[in-house]
Amino acid sequence: PWSALLDAIERATPSNVALLELEPDAKRHLVKGVAEAKSAEVMIDFIRRLKQQHFFGNVVLTHHEANNQDPNRPLRFEFEAEWQQAGQ
């Protein structure tokens, strides 16, 4: 379901969130991601938008921290999204 997965993530990602990494796991119907946002509000809004995508059944924020290597100090965060199997 790669095309549908990427479409759902693209629809949920606002321009102020930078996706850095996506790692799909087809056996577990799960995609793990790493992204950056300028604020906690933007990060939480992104997670909320992912949850609103009908493609995903479960979305969780698994980790977040300030990226002190960057002078703008964005929040780098990790998330997991489980996609629905066909027919569910």
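The values are calculated or read from the model by the stated rules, or taken from the named source; none is laboratory data. Every value quoted in this text rests on a predicted model; they were computed, and no experiment measured them. Glycine also receives a Cβ, built like all others from the backbone with ideal geometry; neighbour counts cover every protein chain displayed. To get the accessible areas, we keep the full protein, side chains included, count just its heavy atoms, and leave off ligands, DNA and RNA. Shrake-Rupley method; radii C 1.70, N 1.55, O 1.52, S 1.80 Å.
Summary of values
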| read-out | value |
| --- | --- |
| Unique residue being of a type in the set (G, A, S), out of contact with any helix residue (DSSP H, G or I) (no Cβ under 8 Å at 6 or more places or on another chain) and closer than 11 Å to F77 by Cα when the list is A26, A40, A4, A35 | A40 |
| Residue list for region 49-88, filter: part of a loop (DSSP other than H, G, I, E, B) and of a type in the set (K, R) | R73 |
| Search result, residues across region 1-60 that are closer than 11 Å to A81 by Cα and free of Cβ contacts under 8 Å to residues at least 40 places away in the same chain | L22, E23, P24, D25, I47, K51, G57, N58, V59, V60 |
| Hey, E82 of a type in the set (D, E), open to solvent by 30 Å² or more (accessible area, probe 1.4 Å) and touching a Gly at 6+ places or on another chain (Cβ under 7 Å) or not | yes |
| Within region 1-26, tally of residues that are in contact with a Leu (Cβ under 7 Å, 6 or more places away or on another chain) and of a type in the set (G, A, S) | 1 |
| Selection count where residues are open to solvent by 40 Å² or more (accessible area, probe 1.4 Å), assigned to a strand (DSSP E or B) and of a type in the set (D, E, K, R), scope region 18-48 | 4 |
| Boolean, A81 is modelled with pLDDT under 95, within 16 Å of P1 (Cα to Cα) and not aromatic (F, W, Y) | no |
